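Each remark here refers to the structure printed beneath this line.
The values are calculated or read from the model by the stated rules, or taken from the named source; none is laboratory data. Remember, it's a predicted structure, so these values are computed and weren't measured experimentally. Here the Cβ is made from the backbone with ideal geometry for all residues, glycine too, and neighbour counts use every protein chain on show. When the accessible area is computed, the model is the full protein with side chains, heavy atoms only, and any ligands, DNA or RNA have been set aside. Shrake-Rupley method; radii C 1.70, N 1.55, O 1.52, S 1.80 Å.
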Amino acid sequence: MSGYLVSQDTIVAQQQVISTNSLLRLLRPVDDSLFHLSATNPQLMEEVVLHVGSGATRWAIENSRLLLTELAGEPFTRFDRKSSSEARLVEAIAFWIVLRLSGVRDITGLLSAELTHAIRERIADSATADLLPRYVRATHARFTHKLFEFCEAKIVTRDQPVMMRSISADLFEGMETLSAAVTEKFAAERNRWLAGPVGERIELVSKILKGQPVDTKEAMLELRYNLRLHQIAFVLWQDEINQGSRRELESTALRLLEQVGCSSMLLLPAGPGRLWAWGGRATDRPSELRRSDQPVELPAHVHVASGLPGDGVAGFRRSHEQAITAERVGLVAAPPPFRLYDYGDLELLILLANDEEAAADFIRRELGPLAAESRTMAALRETVRCLLDNERGVAVTAKRLHIAKNTVVYRVKKAEQLLGRSLREDHLRLHLALYLAARLGSSVLATEDPATELDNSIQAVSK
């Protein structure tokens with residue numbers, strides 16, 4: 001035994017290091033393939049591997065991908081879980097957590113650069129920028145919870161209290177360090193953004209969009225845009241960002257606004273690879289993009305969401321809100337490579353499925369076994385929906401689906417058997433449920449086929 005006296009603080013510190021390091025050695029991903037899908041700077045990943053090892057690094061990457069889906073609901077619906085910036089932010093937070101458990105006390109230069117990138121992506125969009133600190137805290141809390149679950153599953157019961165106390169102490173201080181860094185960077189980037197003329201215009205437009213009192217005449221002078229015209233709004237974004245991204249988005253927006261009949265136009269960058277656009281027309285309302293006489297042509301990797309035409313300041317605000325909603329719902333109902341999301345096309349879906357959980361419950365109750373996510377049930381749903389779309393016309397349905405009339409009749413009988421009622425009963429609710437199932441897809445369908453015991457093979461349905 002050493003002759004030196006050991007303070008209580010030293011004992012606690014040694015206990016803590018041993019506990020968290022032993023946990024890091026145990027962390028392993030379920031799917032090793034995700035290691036090659038890291039969203040952050042490769043140099044940052046190498047730095048993390050050096051501190052915590054390959055296993056804990058891969059665990060952080062894998063759980064980052066899982067958490068993106070978990071964080072997709074309220075109040076973070078405006079955050080795009082499919083975007084590279086969101087993936088980088090969540091992965092950076094995961095890396096900070098495992099670095100913290102390894103003994104790192106200060107945010108490293110590479111990690112700081114990742115956080116700065118994520119904040120810059122959000123500064124222009126006031127709706128998500130204001131939520132960013134809360135998003136960071138929610139992400140940190142989810143990872144902490146996952147670590148506790150891992151402890152309960154992998155650590156012997158007698159060691160769990162010590163381990164969890166160590167994790168709690170480390171990550172509580174780590175969260176304070178992370179929050180302080182994010183807050184500081186956020187303030188610096190916000191000031192940098194607002195220092196220029198574009199920032200001033202963004203700030204003014206944000207006030208209009210929030211319905212705050214604004215002198216319309218002064219706003220029009222500053223924006224150099226007539227807010228009293230008939231309005232339409234677009235939101236454009238890119239999958240791949242490069243030096244020419246802004247120019248490509250602007251030229252696309254100007255062409256589309258001209259295509260729907262606008263003579264006055266306002267374009268505002270809303271972050272890297274993202275643009276807000278408005279167009280005005282004096283004589284009457286601009287055309288809806290989906291009803292344009294010319295085909296809507298978009299460059300590769302460019303997407304556009306469009307609102308409905310409106311009037312004056314209220315139309316300016318409402319059409320933009322509709323474009324944002326069309327983007328959010330469209331990415332779920334028609335994910336890439338689909339590139340045009342028109343509010344008019346999606347309006348019924350938006351009104352009916354504003355609460356996705358309630359919509360899923362409605363679909364499964366109304367369709368019963370037909371709500372199963374299988375090729376067999378999909379064929380039956382498509383046939384019944386097409387039949388109802390065409391006022392129960394068997395010949396028209398067969399022609400549109402390129403199948404025989406006998407097949408239509410057979411599938412209808414099969415569907416009625418699975419539903420336990422005639423298609424004439426409550427046909428409006430049935431029609432709506434089929435429409436929602438077709439647009440929302442797997443997110444609202446049953447994962448297991450309730451009708452597996454019935455004779456409903458693909459051959460039988462398509463005979």
Given 0.36 nm per residue, what is the gain on full extension from A358 to V162 after removing their alpha carbon distance, in nm? 66.3 nm
Taking 0.36 nm per residue of sequence separation and subtracting the Cα-Cα distance, how much length would be gained by fully extending the chain between S206 and E240, in nm to one decimal? 9.6 nm
Reach of K413 by Cα under 15 Å, taken over aspartates and glutamates that are not fewer than 8 positions away in the same chain: E382, E425, D455
Determine the alpha carbon to alpha carbon distance for each of K146/K210; K185/K207; K146/K185 and list only those over 31 Å. K146/K210
As an exercise, use a Förster radius of 35 Å and the Cβ-Cβ distance of H145 and T447 to find the FRET efficiency, rounded to the nearest 0.05. 0.90
Taking the Cα centre of each part, how many Å lie between the range 204-273 and the range 321-396? 31 Å
When you count, for each residue, the other Cβ atoms within 10 Å and take the mean per peptide, how do 418-427, 158-167 rank with the highest first? 158-167, 418-427
What full-extension length gain, to one decimal in nm, is calculated for V332 and L50 as 0.36 nm per residue of separation minus the Cα-Cα distance? 97.7 nm
Show me 94-106, 428-440 ranked by packing, highest mean number of other Cβ atoms within 10 Å first. 94-106, 428-440
Kindly rank 285-297, 250-262 from highest to lowest mean number of other beta carbons found within 10 Å of each residue. 250-262, 285-297
Once Lys and Arg are counted +1 and Asp and Glu -1 for all other residues with Cβ under 13 Å from that of W59, the total becomes +1
How large is the accessible surface of M265 in square angstrom, using a 1.4 angstrom probe and rounding to the nearest 10? 60 Å²
